[in-house]
Amino acid sequence: MFADRADAGQQLAAKLGHLRGEPVVVLGLPRGGVPVAFQVARALGAPLDVIVVRKLGVPFQPELAMGAVGEDGVRVINWEIVRLAEVPEKELAAIGAREQAQVEARAARYRARQARLPLGGRVAVVVDDGIATGSTARAACQIARAHGAARVVLAVPVAPPGWEAGFSGEADELVCVDIPPWFEAIGQFYGDFSQVSDEEVIACLERAAAPAQASTAPAGDPPAAGEEVQPSAGVVRLAGYLTVPEQAAGIVVFAHGSGSSRHSPRNRYVASIFNAAGLGTLLFDLLTPEEERDRANVFDIELLAGRLIQVTRWLATQPRAAHTAVGYFGASTGAAAALWAAAEPDSDVAAVVSRGGRPDLARPRLAAVAAPTLLIVGGHDEVVLDLNRRAQAELRCESRLAVVPGATHLFEEPGALDAAAALARDWFISHFPHNSDPGT
């Protein structure tokens, strides 16, 4: 049916012409789905990214999927196969943990040179080289939806009869080149179905980005004035992205929540709003990839705060940022780290903003925070809202609790993240010294 994955991608693209001109982001499933997705992205004139997912294979028959795991902790389990294969819950958990580690490692490698593309308000076209059980594709659709895609389209070259039933509610549109009545494995429909390497995936991403990097940069990406940096925290080198507009009123340092990174689409979107208002931003990973594998580190607030303090000191040595006011913007556990760091006796941070944060995790240090602090919480995030109310009662600095009506923990509802970003932007602008001069 298909000579190879490039041929499959070209045939699939022909069925997706109705999407040309729409705000599309094409998302390939590594590894095999990426060469297919590359052809689709090129035909539609759309940016290409990946959604990293891993199949959970039955122990004695690994090619049979009993589920899948993906980025952001998404987990899809086919309990019928688990039951029929008599896989113990403990073994299922162990397989899931192992594959999740592979997801994180692979995602870090693929995004070493290209940040994750924001999906908010866009059409996410999820592409694989075929559907077998559909577990990985379902996980990918869920991830795209969780990252704010306005519409999810699942597109594949080949799938078995009745495949549509497995995606009810997962995708808004299903597209397939052919559904053969006899289906045993995806590879039987390809002349060349050789394994795709990580290097080929990275090459596809780079080739897709290079020709139109300036013209197709999606909303939410830091502007071109930004640069990749490697902040130092003692002997540790971290990965970050620094953007400093001309005559910046101050620089906001982001402290990401558990399981997030400098590639967080929500924080990148917020950063773009800050940049447009003349605020600088530094998004960086609080932990190295090796440290992230130990989940205890993700919740070690004192460790995270220490990193934030050290990176703030590093920032002060950078020519573009010297003598510029600094603020902290934290989400989830990152908010606790920001408050912990701001409580240091020698801290001169000008302002702190917490978005959906856990300030209660910094409770031993709350009374020592001197920086004006804004706590932003979704009105429907009831547990976190209560924790923020209690934390505010322990703050001795200027503080405000702002509730975004109708918003849940991730501010995924239409307009919710924009409202939170505007609140944060105004807080920083009003509390940064007006005589800051990054050029002195």
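The values are calculated or read from the model by the stated rules, or taken from the named source; none is laboratory data. Note that the coordinates shown come from a computational prediction; the quantities given were computed from them, not determined experimentally. No Cβ is skipped: glycine too gets one built from the backbone with ideal geometry, and neighbour counts run over all protein chains shown. These area figures cover heavy atoms from the full protein model, side chains too; ligands, DNA and RNA do not enter into them. Shrake-Rupley method; radii C 1.70, N 1.55, O 1.52, S 1.80 Å.
Relative to the present Cα-Cα distance, how much length would full extension add between Asp348 and Ala367 at 0.36 nm per residue of separation? If you can, show how the numbers build up before the last one.
Numbers: separation 19, 0.36 × 19 = 6.84 nm, distance 1.59 nm.
Additional length available on full extension: 5.3 nm.
List the longest stretch of the chain that has no exposed loop site; here a site is one of the chymotrypsin sites (Phe, Trp or Tyr not before Pro) assigned by DSSP to anything other than H, G, I, E or B, with at most 15 other Cβ within 10 Å. Please list the in-between numbers first.
On the way: sites that count: Phe60, Trp182, Phe299.
With chymotrypsin sites (Phe, Trp or Tyr not before Pro) excluded where exposed in loops, the chain gives 300-440 as its longest stretch.
Where Rh is the Kirkwood radius over the Cα pairs of region 251-357, the temperature 4 °C and the viscosity 1.567 mPa s, what D in µm²/s does Stokes-Einstein return? Let's see the in-between values first.
On the way: Rh = 13.7 Å.
It diffuses with D of about 94 µm²/s by this estimate.
Just in region 16-117: which trypsin sites (Lys or Arg not before Pro) are loop by DSSP and have at most 13 other Cβ atoms within 10 Å?
Details: sites: Arg20, Arg31, Arg42, Arg54, Lys55, Arg75, Arg83, Lys90, Arg98, Arg106, Arg109, Arg111, Arg113, Arg116; in loops: Arg20, Arg31, Arg111, Arg113, Arg116.
Taking region 16-117 and a limit of 13 other Cβ atoms within 10 Å, the loop trypsin sites (Lys or Arg not before Pro) found are Arg20, Arg113.
Hey, can you grab everything whose amide H is under 5 Å from the amide H of Val353? Only 5+ residues off in sequence or another chain; H modelled, so Pro and N-termini drop out.
Excluding prolines and chain starts, which carry no amide H, the hits are Tyr328, Phe329, Gly330, Leu374.
Given the -39500 (n - 2.57) contribution per DSSP H run of 4+ residues, what per-residue ellipticity at 222 nm results for the chain, rounded to the nearest 500 deg cm²/dmol?
Values: 13 runs with 150 residues, N = 440.
So the calculated ellipticity at 222 nm is -10500 deg cm²/dmol.
Which of these values of Cα Rg over 2.2 N^0.38 Å was calculated from the structure shown: (1) 1.18; (2) 1.08; (3) 1.03?
(3)
Of all beta bridges DSSP finds with both residues in the chain, what is the antiparallel percent, to the nearest 5?
Numbers: 18 of 61 bridges.
Bridges in the chain are about 30 percent antiparallel.
Hey, rough spin-label estimate for Glu89 and Asp418, points 7 angstrom out along Cα→Cβ, what's it come to in nanometres?
Computed distance between label sites Glu89 and Asp418 equals 4.5 nm.
Can you list the residues, at least 5 places off or on another chain, whose amide H is less than 5 Å from the amide H of Gly57, using H built in the peptide plane?
Here the answer is Met66, since their amide H atoms fall under 5 Å of that of Gly57.
Please list, in order along region 189-198, the HN-Hα scalar couplings obtained from phi with the Karplus expression 6.51 cos²θ - 1.76 cosθ + 1.60 (θ = phi - 60°), rounded to whole Hz, x for Gly and Pro.
So the Karplus estimates, Gly and Pro as x, are 9, 10, x, 10, 10, 5, 5, 9, 8, 4 Hz.
Grab the Cα-Cα distance for Arg98 and Ala203, subtract it from 0.36 nm times how many residues apart they are, and report the gain in nm with one decimal.
Using 0.36 nm per residue and subtracting the Cα-Cα distance, I get 35.2 nm.
If I ignore ligands, DNA and RNA and count only protein heavy atoms, how much of His323 is accessible to a 1.4 Å probe, in Å² to the nearest 10?
Ignoring ligands and nucleic acids, His323 comes out at about 130 Å².
How much length, in nm to one decimal, is gained on full extension between Ala6 and Ile179, taken as 0.36 nm per residue of separation minus their Cα-Cα distance?
60.4 nm
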